[in-house]
Amino acid sequence: MEKEKPEETDSKPAPADSVETAKEAPPAEAVKHEEKTPDPSNAVPSGSGTKAPAAKQLAPKTAKKKRQKPPKDANAPKHPLTGYVRYMNENRESVRQKHPNLTPIEITKIMAEEWSKLPEDRKKPYLEAAEVDKERYNKEISEYKLNNEAKAKALQNEAQQAAKKEVSEPKVAIPSIPYVNGKVEPKVSRKGNYDIPIFTEDFLDHNKVVDSELRTLRKSNIDYEQQNSVLEKHVENMENGTQKLDSETSSLEARNAVLESYLLKLRTTLANALQGLPLSSECSGATVDNIDQYLENLHQMADSSTQGHTLNKAKDIIRKLDLQNLTL
């Protein structure tokens, strides 16, 4: 019996060269990475007219930090108010009562239109008050700047003296304090009675307490500033009302003085004219002292219709008087 020959398969052994190339071939991911990275030899020169391809991935945008406003100085002078602002402060409440359904922005627009249509003689008091307030501010701000410069120089001198003192004094090594987890934490020297190592639980709790106190103080400071502005406005309104009452009182006093002078002239004229007309045996004639009683008796005689001859004489004397020359 013949031995069965093994079937010849179509697969042939690969040559040695192909095996070596297969071993040397890089992985697919590496090939993709190489395709993505640009070849420096193919880079477009800067002077050429062609544009380089834009990068697909842009750098992430960094968030802009908000600038913190410097804290307000309580000793700084109050800024001056313009004539327009003074007009709005004085008339805002009346406009709000006329238009209770309008928003504050609409009320401001109405007042701005009124101010633009206001004649110059009505604007003049507000503008003059604004000029006076501006002069006051310029004077106070110059004094304020001079005081700040003097304080800055004094602080600079103190800092220089402290720096000289620190240089002259030898530094003392501060012993280290062991941390809770076994690490060594240096002791931080602070002003005050606080002797807490940093990055400990006590330190963090202390920071939280200080932060809460600062928030409370800021809030109370804002409330006080608002109350201060309301009180300042109230005081300003009271001062304006006092000035108005003083001017009205002075004008009334001057008017009363004129009327008293006119009344004295009228009494003197009537007394001189009626001094030769006795009403009765008891009342001989009119004088400056008894002119009021004399006229009252004459009025009673006219009501009772007695002594008609005397009344007719009194009427003739009074008609002949030139009372128009008695000017106020």
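The values are calculated or read from the model by the stated rules, or taken from the named source; none is laboratory data. Since the structure is predicted, the reported quantities are computational estimates derived from the model, not experimental observations. All Cβ positions, glycine included, derive from the backbone under ideal geometry; neighbour counts span all protein chains shown. In case anyone asks, the SASA skips ligands and DNA or RNA and just uses the protein heavy atoms, side chains included. Shrake-Rupley method; radii C 1.70, N 1.55, O 1.52, S 1.80 Å.
Residue count for region 67-109, restricted to those that are over 30 Å from E140 (Cα atoms), among the β-branched types (V, I, T) and open to solvent by 70 Å² or more (accessible area, probe 1.4 Å): 1.
Residue selection: Y294 satisfies the criterion of being open to solvent by less than 70 Å² (accessible area, probe 1.4 Å) and touching a Cys at 6+ places or on another chain (Cβ under 7 Å). One residue stands out in region 276-291 among those that are out of contact with any helix residue (DSSP H, G or I) (no Cβ under 7 Å at 6 or more places or on another chain), at pLDDT 80 or above and surrounded by 11 or more Cβ atoms within 10 Å (Cβ to Cβ): the one that is nearest to L266 (Cα to Cα), namely N290.
Comparison of K98, K78, K123 shows that the only residue that is at pLDDT below 90, under 15 Å from K233 (Cα atoms) and not polar (S, T, N, Q) is K78. Going by the structure shown, is K244 closer than 30 Å to N89 by Cα, out of contact with any Leu (no Cβ under 9 Å at 6 or more places or on another chain) and free of Cβ contacts under 8 Å to residues at least 40 places away in the same chain? Criteria met by K244.
When L277 is tested against (1) touching a residue at least 40 places away in the same chain (Cβ under 8 Å); (2) assigned to a helix (DSSP H, G or I), only condition (2) is not met. The set of residues in region 115-154 that are in a helix (DSSP H, G or I), hydrophobic (A, V, I, L, M, F, W, C), farther than 20 Å from K78 by Cβ and in contact (Cβ under 8 Å) with a residue 24 or more places away in the chain contains only W115.
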